[in-house]
């Protein structure tokens, strides 16, 4: 019974997790808008969601046999399916920074609205389940 | 929960931008200080930003790694009566470029505003998350 309720939430939870992670990446970009040589990063939400739903997980990690070895993944600790990539720059800056504030801000606002929608859907789903349980 | 990391990231940016604003205020206040603490003309201060990981899962904040003196040459002003004048009658003024400082100030203030907005968005979203199941 409980695992069925869990299944209901699974897709929405995955989406909300990915959105929250993307929100963090975009906040990093905005915070480093004036840092020399900082490269803006982002994830492709749709690709990440596809991967996460198909339970294909993230990219294959390299085997590490020493603490000094690199894992080969750009975003360590990213949720399953999320692949952190560098943004293509529109205008190059002399200091090597690739943050475009307009792009980052609009992406941040868009992502926030999507995340809010996910949270609303979750809330409504739970409310529906509650109604079913109470039978009123 | 990565939404809480947004506070750490945007907070680090707020700190860094206010340090930049401090440097600008110091430069503008001393735009005409011929003698600083060590006897030489005041040198414009610039902060150096560096991207720093603040969380284990890819969150990158920003940190001020140092304050450097600007290497620009000082302005020479002809004031033969001034006590600081050299043999030719010129006084070396600070190398503060006021126009540059003003643009720096506006840029820092806008960056601060943006990061404050990021924080308030994150707060709204977290409150929405808390409301799940109510």
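Could you say which residue among B:124, B:129 is facing another protein chain (nearest Cβ under 10 Å), surrounded by fewer than 16 Cβ atoms within 10 Å (Cβ to Cβ) and part of a helix (DSSP H, G or I)?
Exactly one residue qualifies, and that residue is B:124.
With the requirement that a residue be surrounded by 17 or more Cβ atoms within 10 Å (Cβ to Cβ) and within 12 Å of chain B (Cβ to nearest Cβ), what does region A:78-97 give you?
Answer for region A:78-97, where residues must be surrounded by 17 or more Cβ atoms within 10 Å (Cβ to Cβ) and within 12 Å of chain B (Cβ to nearest Cβ): A:78, A:79, A:82, A:84, A:97.
So, of the residues in region A:53-65 that are under 14 Å from the mean Cα position of the chain (by Cα) and modelled with pLDDT under 70, which turns out to be surrounded by the most Cβ atoms within 10 Å (Cβ to Cβ)?
A:58
Please verify whether residue A:102 is out of contact with any strand residue (DSSP E or B) (no Cβ under 9 Å at 6 or more places or on another chain), outside any loop (DSSP other than H, G, I, E, B), surrounded by 10 or more Cβ atoms within 10 Å (Cβ to Cβ) and at pLDDT 85 or above, treating the condition exactly as stated.
For residue A:102, the condition - out of contact with any strand residue (DSSP E or B) (no Cβ under 9 Å at 6 or more places or on another chain), outside any loop (DSSP other than H, G, I, E, B), surrounded by 10 or more Cβ atoms within 10 Å (Cβ to Cβ) and at pLDDT 85 or above - is not met.
Look through B:91, B:67, B:77 and report the one residue that is in contact (Cβ under 8 Å) with a residue 40 or more places away in the chain, over 30 Å from residue A:80 (Cβ atoms) and surrounded by fewer than 19 Cβ atoms within 10 Å (Cβ to Cβ).
B:67
Rundown of residues vs (1) touching a residue at least 40 places away in the same chain (Cβ under 8 Å); (2) farther than 30 Å from residue B:82 by Cα; (3) surrounded by 17 or more Cβ atoms within 10 Å (Cβ to Cβ), yes/no style:
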site: B:4; (1), (2), (3): yes, yes, no
site: B:24; (1), (2), (3): yes, no, yes
site: B:34; (1), (2), (3): yes, no, yes
site: B:37; (1), (2), (3): no, no, no
site: B:48; (1), (2), (3): no, yes, no
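Can you go through B:83, B:41 and tell me which one is more than 14 Å from every other protein chain (Cβ to nearest Cβ), modelled with pLDDT under 90, part of a loop (DSSP other than H, G, I, E, B) and surrounded by 12 or more Cβ atoms within 10 Å (Cβ to Cβ)?
The unique qualifying residue is B:41.
Here is a check on your reading of the model: is residue B:55 assigned to a loop (DSSP other than H, G, I, E, B), within 11 Å of chain A (Cβ to nearest Cβ) and touching a strand residue (DSSP E or B) at 6+ places or on another chain (Cβ under 9 Å)?
Here the answer is yes, as residue B:55 does meet what is asked.
A quick yes/no check of all residues on (1) crowded, with 23+ Cβ neighbours inside 10 Å; (2) touching a helix residue (DSSP H, G or I) at 6+ places or on another chain (Cβ under 6 Å); (3) facing another protein chain (nearest Cβ under 8 Å):
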| site | (1), (2), (3) |
| --- | --- |
| A:12 | no, yes, no |
| A:18 | yes, yes, no |
| A:21 | yes, yes, yes |
| A:25 | yes, no, yes |
| A:30 | yes, yes, yes |
| A:48 | yes, yes, no |
| A:51 | no, no, no |
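The values are calculated or read from the model by the stated rules, or taken from the named source; none is laboratory data. The model shown is predicted, which means the values in this text are computed figures rather than measured ones. Positions of Cβ are generated from backbone atoms using ideal geometry, with glycine treated the same way; all protein chains shown enter the neighbour counts.
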